[in-house]
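Contents: one structure, followed by commentary.
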Amino acid sequence: MAKLKLTYFDFDGGRGEPARLALHIGKIPFEDQRISPKDWPQFRDRTPFQALPTLEVDGKVVAQSNSINRYVGKLAGLYPKDDWQALLCDEIMDAAEDMGTRIANTIDLPADDKKTAREQLAAGGITRYLEQLQARLMAAGGEYFVEQRLTVADLKIFMLVRWLRSGALDHIPKEIVERVAPQMAKHFDRVATHPDVAQYYERRKAA
Ligand SMILES: N[C@@H](CCC(=O)N[C@@H](CS)C(=O)NCC(=O)O)C(=O)O
């Protein structure tokens, strides 16, 4: 088994968290390197694209969250072997990435611009993505996004929906998921109470 080190910021969320969860669920040993915001400026240039997450595999460092999710998903048995199901899994992860990036791009805007941009996003892009994601979920049987079982697609969506529901995003109503895509809210609860996911956060709380 390759020696793995996953590096991401020191909080339980964001682009690095699906891979942490997948490695935990698959009981794959890895070093969980967590970077504090104060250390980031010195660390940035040690990453390939000046961003996190990165995954070190036997000393070689790679970046890009969804590439990492696919790789660890395969190791953990949380990624489809079937090519068509893999494509569906990738589509969900990339849609989540698009949506998360559009929200993240508003974080550093001046207050008025942020309000306008986020209200437009809530009414437009976020609504559209949630509706389409919900349609994908229902087409797959309503419980999980692919193969009627937990995969890295569910973990990626789980983090995105948690962010939307957290109340941390001013001008994006935290009830937007329940209102626009209630089945996505149920999916969130399903993943949150999945025994392996629940156990991971129990352990994190206790740590
Ligand atoms: N496309 C990249 C984006 C990576 C990215 O923007 N990461 C953010 C954290 S979620 C980051 O490192 N931000 C710090 C910075 O840009 O200085 C991926 O999916 O991994």
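Just so you know, all these numbers are worked out from the coordinates, no wet-lab data involved. Not measured: the values here are computed from a predicted model. Neighbour counts are summed over all protein chains in view; Cβ atoms, including those assigned to glycine, are modelled from backbone coordinates with ideal geometry.
HN-Hα J couplings of the stretch 134-145 from phi, Karplus 6.51/-1.76/1.60, θ = phi - 60°, integer Hz, Gly and Pro as x?
4, 4, 5, 4, 5, 5, 8, x, x, 9, 10, 6
What value, in deg cm²/dmol to 500, does the helix sum -39500 (n - 2.57) over DSSP H runs of n ≥ 4 give at 222 nm once divided by the residues of the chain?
Taken over the chain, the calculation gives -16500 deg cm²/dmol.
Report the equivalent ellipsoid semi-axes for the stretch 86-187 in whole Å, largest first, defined as the square roots of five times the eigenvalues of the gyration tensor built from alpha carbon atoms.
25, 13, 11
Taking the Cα atoms of the stretch 21-167, report the difference between the largest and smallest coordinate on each principal axis, in whole Å and largest first.
Projected onto its principal axes, the Cα set of the stretch 21-167 covers 46, 46, 23 Å.
Quick one: dipole size for the stretch 85-192, taken about the Cα centre, charges +1 on Lys/Arg Cβ and -1 on Asp/Glu Cβ, in debye to the nearest 20.
280
I want to make sure I understand the PRE zone here: with the label point 7 angstrom from the Cα of GLN33 toward its beta carbon, which residues in the stretch 56-79 have backbone N atoms less than 20 Å away?
Of the residues in the stretch 56-79, 56-73 have backbone N under 20 Å from the label point off GLN33.
Between the stretch 91-117 and the stretch 3-65, how far is it from one alpha carbon centroid to the other, in angstrom?
Using only Cα atoms to place each centre, the spacing works out to 22 Å.
Using only the alpha-carbon atoms, what does the stretch 4-77 span along each of its principal axes? Please give whole angstrom values in decreasing order.
35, 24, 19
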